[in-house]
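Note sheet for the following structure.
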């Protein structure tokens, strides 16, 4: 008998892939309720579906896959008690977030006449995303400070630093942590009033991880009191209702789409499918997904910024959200997924920019 699977209909590229091996119900993530999942064997979701006792109690659900890196919307303790297996998609969109951060930094550099080379970038959270951001920052000539207590405790202190050092020395702070409310390494309101009071160099703050990692009131006060110079915010507390003050004053404000690339979404979908196939011991070969080609995949190099902006520039998305905050969820649900650099060929690239462009995925034509 085929398992019954409830799937968030907004998960890209998934429709039509499981119908041969399962019975499927598609619906918006926010409309997946206890009544819907009562007879389901599995769920494939995003962050908009909170999987806890109120959703799962009394259901047949044995397996949950979220097509996201974060999993704070899954009550893992409850799942453990009930024997429900769950999985996420770690690293699926790490290259997409790197693309976003690089584009945002280059936009900031251009619009503010801000030289990135020589600046100190403090990276909080050095997992899949943080490592890639560190690599590209180094190639931009920046000094990188790495903060990741779980990694430093497991691997040794060498190469890592503490939050106090980042507060004292960073010109830019970029946060890439999961949202963890308790335990040894909590990240909820990791950047709080005490942190902002301790910073020394009026840094630019970038958040592409979880909105709740930064205390919004503390962030606002830091900006008002000129403890920080600017903000690039993609993740917000109380989504989909971005704070009006932060929205107005942020250099870039986007609706939690830093990871919204074709490649990132395909990776997340396929990781969910692979885990589901293993759990239900499905022997039928898992379908592949063909990536759509960019409209114009060949770029003639004129500058590094021009090449990066051909693949992505967050400016228009930021302007739309600032004009119409009520479109937050609409922009997210109807996002035209961008291609990452992997889909593009660049010609006439001078030697000094080849390494950086290749490192982020571009193919260089000789």
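The values are calculated or read from the model by the stated rules, or taken from the named source; none is laboratory data. Keep in mind that this is a model prediction, so the values were computed, not measured. Note that we place each Cβ from the backbone using ideal geometry, even for glycine, and neighbour counts take in every protein chain shown.
Considering only residues that are farther than 13 Å from residue 128 by Cβ and within 9 Å of the chain's Cα centre (by Cα), which ones fall in the range 259-269? Passing the criteria: only 260. For residue 189, the requirement of being under 21 Å from the mean Cα position of the chain (by Cα), buried (at least 20 other Cβ atoms within 10 Å of the Cβ), modelled with pLDDT of 95 or more and assigned to a loop (DSSP other than H, G, I, E, B) is not met. Filtering the range 328-366 to residues that are closer than 18 Å to residue 244 by Cα, surrounded by fewer than 17 Cβ atoms within 10 Å (Cβ to Cβ) and touching a residue at least 12 places away in the same chain (Cβ under 8 Å) leaves only 329.
Any idea how many residues of the range 29-43 are part of a loop (DSSP other than H, G, I, E, B) and in contact with a helix residue (DSSP H, G or I) (Cβ under 8 Å, 6 or more places away or on another chain)? The total comes to 2. Filtering the range 44-98 to residues that are more than 21 Å from the chain's Cα centre (by Cα) and in a helix (DSSP H, G or I) leaves 53, 54, 55, 56, 77, 78, 79, 80, 81, 82. Among residues that are under 19 Å from the mean Cα position of the chain (by Cα) and either assigned by TED's automatic domain parsing to the domain that holds residue 115 or over 26 Å from residue 108 (Cβ atoms) (or both), residue 177 is included. Scanning the range 298-321 for residues that are in contact with a strand residue (DSSP E or B) (Cβ under 6 Å, 6 or more places away or on another chain) and in a helix (DSSP H, G or I) yields 307, 310, 318, 321. When residue 264 is tested against the conditions (1) without any contact (Cβ under 8 Å) to a residue 12 or more places away in the chain; (2) touching a helix residue (DSSP H, G or I) at 6+ places or on another chain (Cβ under 7 Å); (3) under 19 Å from residue 98 (Cα atoms), the lone failure is (1). A single entry from 166, 206 fulfils the requirement of being in contact (Cβ under 8 Å) with a residue 40 or more places away in the chain and assigned to a helix (DSSP H, G or I): 166. Can you say whether residue 218 is farther than 30 Å from residue 87 by Cβ, buried (at least 22 other Cβ atoms within 10 Å of the Cβ) and not assigned by TED's automatic domain parsing to the domain that holds residue 73, as far as the supplied structure shows? Against the criterion (farther than 30 Å from residue 87 by Cβ, buried (at least 22 other Cβ atoms within 10 Å of the Cβ) and not assigned by TED's automatic domain parsing to the domain that holds residue 73), residue 218 does not qualify. Screening the candidates 325, 285, 297 for the property of being more than 18 Å from residue 102 (Cα to Cα), more than 23 Å from the chain's Cα centre (by Cα) and touching a residue at least 40 places away in the same chain (Cβ under 8 Å) yields one hit, 297. Taken over the range 1-29, the criterion of being surrounded by 14 or more Cβ atoms within 10 Å (Cβ to Cβ), at negative phi and out of contact with any strand residue (DSSP E or B) (no Cβ under 8 Å at 6 or more places or on another chain) is satisfied by 10, 12, 17, 21. Just one of (1) crowded, with 17+ Cβ neighbours inside 10 Å; (2) at positive phi; (3) modelled with pLDDT of 95 or more fails for residue 91. It is (3). When the criteria are applied in full, residue 116 fails the requirement of being assigned to a helix (DSSP H, G or I) and either under 26 Å from residue 257 (Cα atoms) or modelled with pLDDT of 95 or more (or both).
Annotation note: of 98, 110, the sole residue that is buried (at least 23 other Cβ atoms within 10 Å of the Cβ) and modelled with pLDDT of 95 or more is 98.
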